[in-house]
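The values are calculated or read from the model by the stated rules, or taken from the named source; none is laboratory data. Please read these numbers as outputs of a predicted model, since none were measured by experiment. Positions of Cβ are generated from backbone atoms using ideal geometry, with glycine treated the same way; all protein chains shown enter the neighbour counts.
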Amino acid sequence: MTALTLMGDPFEGRPTYLALAPLTHAAGVLCFPIMTLGARVVIRHHPDIGEFLDLIARYRVTHTFLPPTVIYMLLDHPKLESTDRSSLQCFWYGAAAISVARLTEALERIGPMAQLFGQTEAPMMISMMPPEDHYNPDGSITTGHLSSTGRVGPLVRVGIMDGEGNLVPAEERGEIVVRGSLVMDGYYKNAEATAEASMHGWHHTGDIGYLDADNFLYIVDRAEDMIITGGFNV
């Protein structure tokens, strides 16, 4: 996961990472690749959006992460426009679907955004959309891939599988399955659940989606009922 992060996202100089979201989740996991570069990590104990903006300017924050629900709050905050955000190199978002309209607004008003998709069993970087993939060659915001979760990471394999264990071609829908060292060895003391999650030699994410011809991954449904609250799966 650390290698994928360092390979796929921009890092210039010594980073400063601002952790506002819970350290038990994506915000904490992202500390690992950041700290390999000798980064400074600024930790907040409560989710105050106004203070979050103050800290970006005060510490010249280069990297941060927020789930979409909190990004919406940030976009609606009156201090956003007056905050110096010029230090930002990479503003990660993930843990839930994001509105394309609000993502476009974030690209226009916040700065360089980067999406990540993963789960506890294959953390964070099954697919990635670094800042440059949000734009066309002429610098305009792309419309084609903003509803995706980005391209498949370079150190993982992703397939789309039907109910019989067959991989289906591009554009066809099925369950998203993953292979690679990013994937867990198994569930602790639960051989039955491990066997179910690793049928046919692939890790089964429980997400339904498809790959397009450019290897961008799209999620369209869940194989099982799931509620996402505050970026956590229930």
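Data for the structure
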{"read-out": "Residues of region 1-19 satisfying the condition of being aliphatic (A, V, I, L, M) and under 15 Å from CYS90 (Cβ atoms)", "value": "LEU4, LEU6, MET7, LEU18, ALA19"}
{"read-out": "Conditions (1) within 16 Å of the chain's Cα centre (by Cα); (2) surrounded by 22 or more Cβ atoms within 10 Å (Cβ to Cβ); number of the one not met by ALA3", "value": "(2)"}
{"read-out": "Conditions (1) at pLDDT 95 or above; (2) surrounded by fewer than 18 Cβ atoms within 10 Å (Cβ to Cβ): number failed by ASP48", "value": "(1)"}
{"read-out": "Residue check, LEU18 assigned to a loop (DSSP other than H, G, I, E, B) and in the same structural domain as GLU121 (by TED's automatic domain parsing)", "value": "no"}
{"read-out": "Criterion (among the β-branched types (Val, Ile, Thr), outside the structural domain of ALA19 (by TED's automatic domain parsing) and touching a strand residue (DSSP E or B) at 6+ places or on another chain (Cβ under 8 Å)) met by exactly one of ILE141, ILE126, ILE110, ILE176", "value": "ILE176"}
{"read-out": "Unmet requirement for THR142, which otherwise passes all of (1) over 19 Å from the mean Cα position of the chain (by Cα); (2) over 19 Å from TYR210 (Cα atoms)", "value": "(1)"}
{"read-out": "Residue in region 106-123 that is of a type in the set (Val, Ile, Thr), under 14 Å from the mean Cα position of the chain (by Cα) and over 23 Å from VAL61 (Cα atoms) present", "value": "yes"}
{"read-out": "Hits in region 46-100 - residues which are farther than 21 Å from GLY118 by Cα, touching a helix residue (DSSP H, G or I) at 6+ places or on another chain (Cβ under 8 Å) and of a type in the set (A, V, I, L, M)", "value": "ILE49, LEU53, VAL61, MET73, LEU74, LEU75, LEU80, LEU88"}
